[in-house]
Amino acid sequence: MTETTTPEIMARRGDLVIVELRPSYTTASYAREEEPLAYRLMEVTNLFRDGRIKMVRDARPEGGGYPQQLDGLLHSTGRRWLLPVADWDVQEARALAARHVYPNSTSPRDFLSLEDAREALAPARRSRA
């Protein structure tokens, strides 16, 4: 996985990206509560002309959901890791992420850490000969 904080890393449509999220919610008393960091597998759907990622969608469920602007997902942490299609079996990675579900449920959930995501998606990495 390559962290895309440097401008030299260019993505392609169809690449995967792990996005670090900081989920939060507002309580009835209007206090903001933050949950632990979460890591979500996203698929690149649109790019800027210079190769930066513009739009992504959730890569876990069938159909992929609606595209979202990557910058909107990065407002809290700004961290993401690129999984290029040349190094990863995209269909296998999507299937592995879809099998990461809540206990006694079929709903996919986010990974609790980057290490969990790496471990779960490792079988989808293509070996370099």
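Ligands, DNA and RNA are left out, and with a 1.4 angstrom probe the accessible area of the chain is 62 Å² per residue. Helical runs assigned H by DSSP (4 residues or longer) give the chain a calculated mean residue ellipticity at 222 nm of -4000 deg cm²/dmol, each run adding -39500 (n - 2.57) before division by the residue total.
Taking label positions 7 Å along the Cα-Cβ direction at both A38 and R118, the computed distance is 2.3 nm, reported to one decimal. Scanning the chain for trypsin sites (Lys or Arg not before Pro) lying in DSSP loops with no more than 13 further Cβ atoms inside 10 Å, the longest uninterrupted stretch between such sites is 50-98. Segment 68-106 and segment 19-46 have Cα centres separated by 14 Å. At full extension, S105 and N46 could sit 18.1 nm farther apart than now, given 0.36 nm per residue minus the alpha carbon distance. Just the protein heavy atoms count here, and of the accessible area of segment 7-61 at 1.4 Å, carbon and sulfur take up 47 percent. Note on R13 and S76: their simple-model spin labels are 3.1 nm apart, each label 7 Å out from Cα toward Cβ.
Taking 20 Å as the cut-off, the amide N atoms of segment 36-62 that come nearer than this to a point 7 Å along the Cα-to-beta-carbon line of Y25 belong to 36-40.
The values are calculated or read from the model by the stated rules, or taken from the named source; none is laboratory data. All of these numbers come straight from a predicted model, not from anything done at the bench. Note that we place each Cβ from the backbone using ideal geometry, even for glycine, and neighbour counts take in every protein chain shown. Just so you know, the surface numbers come from the protein's heavy atoms only, side chains and all, with ligands and any DNA or RNA stripped out. Shrake-Rupley method; radii C 1.70, N 1.55, O 1.52, S 1.80 Å.
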